[in-house]
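> Here it is, the structure, as structure tokens.
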């Protein structure tokens, strides 16, 4: 029992087909140090030609965005603490 090809699935799952699983990459991204380590890993993979440079560039851009959010939220927390001390 197959379905017409669509943008997401080539066919529908039928009874008896094993579930499809995709490997999910997990890494800790809670601090700027974590971000730095992950950027380094991506850089090394791109230099070793294990990862296309376009993909590496995209991933590093996303990591840089996460890093800015971490830095901004840390700064926001510190400003809030200073304001609370003045009250």
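> How many residues does the stretch 47-87 hold that are over 23 Å from the mean Cα position of the chain (by Cα) and farther than 23 Å from residue 31 by Cα?
Summing the residues that are over 23 Å from the mean Cα position of the chain (by Cα) and farther than 23 Å from residue 31 by Cα in the stretch 47-87 gives 5.
> Evaluate the stretch 5-20: report whether one residue or more is outside any loop (DSSP other than H, G, I, E, B) and either exposed (fewer than 10 other Cβ atoms within 10 Å of the Cβ) or modelled with pLDDT of 85 or more (or both).
No, the stretch 5-20 contains no residue that is outside any loop (DSSP other than H, G, I, E, B) and either exposed (fewer than 10 other Cβ atoms within 10 Å of the Cβ) or modelled with pLDDT of 85 or more (or both).
The values are calculated or read from the model by the stated rules, or taken from the named source; none is laboratory data. Computed from a predicted model, the values in this text were never measured in an experiment. Backbone-built Cβ (ideal geometry, glycine too); neighbour counts: all protein chains shown.
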